[in-house]
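Student: Next up is a structure, given as structure tokens.
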Amino acid sequence: MATLFGRTYTRRQILDHVGDISQVANIRCAELTEGNERGAGLVEVTNASGLNFSLLPGRALDIASASYKGMSLCFRSKTGDVGPAFYEPAGNDWMRGSFLGLLTTCGLSFVGHPEVDPEVEGTELGLHGRLSYIPARNVYARGDWEGDDYVIRVGGRMREHIMFGHCLEMTREISTVLGERRICIHDRVENLGSDPAPLMVVYHTNPGWPLLDRGARLLLKSEKSTEWSEDRQVGPEAYTTVGAPRAKAHDDVYVHRPTADRQGNVRVGLVNERLGLGLTWTFPRKEMPILNQWQHFQKGTYVTGVEPGNCSVLGRAWNRRHGTLEALQPGAVRDFHLEFGVLDGAREIRSFESSL
């Protein structure tokens with residue numbers, strides 16, 4: 001049943017109060033036609049719980065924007081929702097079309113700064129791989145009653161392949177339930193090729209202002225955390241508290257080995273007590289044993305990254321050296337599950353923090 005406006009409703013009770021379900025939960029599919037947004041597509045999802053978000057079918061069904069009760073949960077870069085035809089793969093030019101948003105998915109066969117891997121392709125691999133610029137096929141967007149729950153599901157398939165090389169296909173479904181403040185992602189990656197392929201998947205999620213603000217805190221339990229430049233171990237004091245926007249650009253990246261709860265799930269939160277607002281991440285540790293964290297607190301590009309994955313964002317060589325570079329065998333399948341949640345109010349924030 002849906003909890004809306006302080007009350008709980010059955011399916012029949014909701015339908016008695018509305019002319020169409022779109023009054024409280026809706027999917028709108030549209031085309032973006034201006035400038036380099038052409039080809040990105042658009043799926044807008046609204047939920048009377050206050051959680052709204054948009055997906056781009058032309059960009060791997062990534063989550064370009066998300067808000068709760070009018071407050072943005074994510075950073076939006078100046079590039080806008082660039083269409084896939086404008087992809088520039090060389091070097092760091094991935095960033096020329098990177099909206100970041102709530103979710104930019106990195107992979108499927110490479111994540112990291114530009115790098116040449118002499119053990120596989122022997123050619124330069126561009127920043128964070130190709131997945132986020134691959135248009136989805138077999139796209140669907142629908143809402144259905146499942147008992148007393150109204151469930152919105154959006155899905156499709158993205159294939160990363162080269163004629164004489166690897167072929168990886170991701171099947172994605174993103175869902176939310178009327179009255180809930182959760183977005184659930186289920187991705188399934190299959191190796192359709194005839195040889196083993198590197199599998200590198202990182203969920204580059206990007207909280208932004210007003211959730212991200214001076215004094216906001218990252219809630220995380222980690223067995224081990226290292227910083228990227230010297231691979232040295234650091235404590236929570238280095239990465240848990242958000243600073244204010246600053247004039248000079250500076251990046252900090254941390255690689256965490258998070259601990260799991262009794263159900264095997266990692267739970268992470270970013271909380272802003274002043275707003276009484278928080279964003280949470282939940283994912284199985286066996287699927288994604290690494291949590292990458294990026295801090296970029298510059299004026300005008302004030303963003304952080306909370307990035308679970310099956311690898312670090314530091315490239316093939318780093319992951320091979322640390323034993324975290326995975327190979328997917330021909331015909332093999334890997335599942336990834338990630339859930340976003342919204343915390344509303346001091347009580348929910350305290351409850352989440354005390355449960356970690």
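Student: Taking square-rooted eigenvalues a ≥ b ≥ c of the alpha carbon gyration tensor, is region 163-258 rounded, prolate or oblate, where a/c under 1.5 means rounded and, failing that, a/b exceeding b/c means prolate?
Tutor: Here region 163-258 falls in the oblate category.
Student: Along the charge dipole of region 2-355, Cβ charges K/R +1 and D/E -1, which of Ala136, Trp294, Phe110 sits furthest on the positive end?
Tutor: Result: Trp294.
Student: Next up: Calculate one ³J(HN,Hα) per residue across region 274-288 by plugging θ = phi - 60° into the Karplus curve 6.51 cos²θ - 1.76 cosθ + 1.60, and present them in order as whole Hz with x for glycine and proline.
Tutor: Values per residue, Gly and Pro as x: 4, 8, x, 9, x, 10, 10, 10, 9, 7, x, 5, 5, 7, 9 Hz.
Student: Report the one residue of Ser351, His166, Ser67 whose Cα lies farthest in the direction of the positive end of the charge dipole of the chain (charges on C-beta: Lys and Arg +1, Asp and Glu -1; origin at the Cα centre).
Tutor: So the residue we want is Ser351.
Student: Using Cβ contacts closer than 10 Å as the measure, can you line up Leu73, Leu4 from fewest to most?
Tutor: With the fewest neighbours first, Leu73, Leu4 line up as Leu4, Leu73.
Student: Could I ask something else about it? Treating only the Cβ of Lys, Arg, Asp and Glu as charged (+1, +1, -1, -1), what charge dipole size does region 38-155 show about its Cα centre? Round to the nearest 20 debye.
Tutor: 520 debye
Student: By count of other Cβ within 10 Å, fewest leading, how are Tyr302, Tyr133, Tyr140 ordered?
Tutor: Ascending number of Cβ neighbours within 10 Å: Tyr140, Tyr302, Tyr133.
Student: Then there is this: Compute the convex hull volume of the Cα atoms of region 2-355, divide it by the residue count, and report the result per residue in Å³ as a whole number.
Tutor: Convex hull of Cα atoms, per residue: 145 Å³.
Student: Under 5 Å between amide hydrogens, which residues at least 5 positions from Met288 or on another chain qualify, with H placed 1.01 Å from N in the peptide plane?
Tutor: none
Student: Explain nothing, just compute: Karplus ³J(HN,Hα) = 6.51 cos²θ - 1.76 cosθ + 1.60, θ = phi - 60°, for every residue of region 47-58 in order, whole Hz, x for Gly and Pro.
Tutor: Running phi through 6.51 cos²θ - 1.76 cosθ + 1.60 with θ = phi - 60° gives 9, 5, 5, x, 8, 10, 7, 10, 10, 10, x, x Hz.
Student: Mind sorting Trp94, Trp294 by how few other Cβ atoms lie within 10 Å of their own Cβ, fewest first?
Tutor: Ascending Cβ contact count within 10 Å gives the list Trp294, Trp94.
Student: Provide the convex hull volume over Cα atoms per residue for region 27-84, in Å³.
Tutor: Given the Cα convex hull of region 27-84, per-residue volume reads 78 Å³.
Student: In whole Hz, with x marking every Gly and Pro, tabulate ³J(HN,Hα) for region 89-106 from phi via Karplus 6.51 cos²θ - 1.76 cosθ + 1.60, θ = phi - 60°.
Tutor: x, 6, x, 9, 5, 3, 6, 5, x, 8, 6, 6, x, 6, 8, 10, 8, 9
Student: Place a label point 7 angstrom from the Cα of Asn36 along the Cα-to-Cβ direction, then list the residues of region 125-145 whose backbone nitrogen is under 16 Å away.
Tutor: 127, 132-134
Student: Using amide H atoms built in the peptide plane, which far-off residues or other-chain residues are under 5 Å from Ile134 H to H?
Tutor: Ala60
Student: May I pose another question? How large is the charge dipole for the chain, taken about the Cα centre, if only the Cβ atoms of Lys, Arg (+1) and Asp, Glu (-1) carry charge, to the nearest 20 debye?
Tutor: 780 debye
Student: If contacts are Cα pairs under 8 angstrom and at least 6 residues apart, what is the relative contact order of the chain in percent?
Tutor: 15 percent
Student: For the chain, set up a Gaussian network in which alpha carbons nearer than 10 Å are linked by springs, and say which option among Arg38, Arg11, Arg76 fluctuates the most.
Tutor: In this elastic network of the chain, the residue with the biggest mean-square fluctuation among Arg38, Arg11, Arg76 is Arg11.
Student: While we're on this one: Starting from the amide H of Ile63, placed 1.01 Å from N in the peptide plane, find each other amide H under 5 Å away whose residue is 5 or more places distant or on another chain.
Tutor: Leu103
Student: To continue, here is another question. Here is the link list: Lys69/Lys221; Lys78/Lys248; Lys224/Lys248; Lys221/Lys286. Which ones come out longer than 21 Å on Cα distance?
Tutor: Lys69/Lys221; Lys224/Lys248, as the Cα separations exceed 21 Å there.
Student: Of Glu88, Glu146, Glu44, which has the largest mean-square fluctuation in a 10 Å C-alpha GNM of the chain?
Tutor: Glu146
Student: Enumerate by residue number the GluC sites (Glu not before Pro) in region 206-294 meeting two conditions: DSSP loop (anything except H, G, I, E, B), and at most 14 other Cβ atoms within 10 Å of the site's Cβ.
Tutor: Glu230, Glu273
Student: Let me ask something else. With just the Cα atoms defining each centre, how far is region 316-356 from region 220-289? Give it in Å.
Tutor: Here the answer is 11 Å between Cα centres.
Student: Counting other C-beta atoms within 10 Å, and keeping those with at most 15, which DSSP coil trypsin sites (Lys or Arg not before Pro) do you find in region 196-247?
Tutor: For trypsin sites (Lys or Arg not before Pro) across region 196-247 that sit outside H, G, I, E and B with at most 15 neighbouring Cβ atoms in 10 Å, the list reads Arg214, Lys221, Arg232.
Student: Between Glu31, Glu326, Glu121, which gets the highest mean-square fluctuation from a Gaussian network model of the chain, Cα cutoff 10 Å?
Tutor: It is Glu121.
Quick note: the coordinates plus some simple rules give every number you see, no bench work behind them. What you are looking at is a predicted structure, and each value in this text was computed from that prediction instead of being measured. Here the Cβ is made from the backbone with ideal geometry for all residues, glycine too, and neighbour counts use every protein chain on show.
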